Amino acid sequence: MTSIKFGSWIATRLSFAALCMCAAVVPLQGADALTTSPFAALVGRWTGDGMLGFKASKPERIKCRATYLLAPEATDALKQTIRCATSAGAIEIISNVKEASGKLTGHWKETIHNFEGDLTGDVTPNGFRIVVKGADVTANMDIVVRGTRQAVEIQFMNSSLIGLSMAMTKG
């Protein structure tokens with residue numbers, strides 16, 4: 001197993017920041033897409049890689065896939081599933097999210113480490129900003145979407161995980 005240096009972790013986080021800054025310059029979608037559903041750009045299957053940070057060990061490279069599905073009856077409800085694997089383990093996040101007037105609510109669960117909580121957040125011009133709070137976890141989650149590219153960053157507080165950063169493409 002190759003050890004990943006702290007500099008690699010920083011480089012990944014800086015790449016995420018660069019993607020966020022680029023996305024801030026280019027709008028997420030046209031006005032028509034936003035009026036149909038703020039989730040329209042997410043729907044489908046995404047794959048990519050990134051880094052997963054642990055409190056007790058060095059960060060590890062991960063391979064990830066994410067699936068986003070709109071509820072059949074409404075364009076304001078989304079199911080998100082993110083699965084990532086490392087040489088030492090895995091992480092799986094399942095979220096059910098509803099949107100009303102730019103505000104997000106729902107439930108978030110990480111099934112491997114058994115963390116879960118309620119989520120709140122906002123639709124932003126470039127994606128989504130989410131806060132998860134539960135008995136076992138507090139986390140901040142940012143999702144930036146630009147065309148067929150997506151960046152996801154999760155910062156965990158008071159858990160065995162530190163963070164998860166991913167860059168994925170649709171298709």
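The values are calculated or read from the model by the stated rules, or taken from the named source; none is laboratory data. A quick note: this is a predicted structure, and the numbers were derived from the prediction, not measured. As a convention, Cβ positions derive from the backbone with ideal geometry for all residues, glycine included, and neighbour counts pool all protein chains shown. Only protein heavy atoms, including side chains, enter the accessible area calculation; ligands, DNA and RNA are left aside. Shrake-Rupley method; radii C 1.70, N 1.55, O 1.52, S 1.80 Å.
Tabulated results
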{"quantity": "Residue identified as within 20 Å of residue 37 (Cβ to Cβ) and surrounded by fewer than 21 Cβ atoms within 10 Å (Cβ to Cβ) among 109, 133, 103", "calculated": "103"}
{"quantity": "Inter-residue pairs, beta-carbon under 7 Å, first over 15 Å from residue 112 (Cβ atoms) and in the stretch 84-98, second among the hydroxyl-bearing types (Ser, Thr, Tyr), 6+ apart", "calculated": "98/105"}
{"quantity": "Some residue of the stretch 149-168 being hydroxyl-bearing (Ser, Thr, Tyr), surrounded by fewer than 16 Cβ atoms within 10 Å (Cβ to Cβ) and modelled with pLDDT of 95 or more", "calculated": "no"}
{"quantity": "Single residue of the stretch 54-63 satisfying the filter (assigned to a strand (DSSP E or B) and either within 14 Å of residue 92 (Cα to Cα) or modelled with pLDDT under 90 (or both)) that is most open to solvent (accessible area, probe 1.4 Å)", "calculated": "63"}
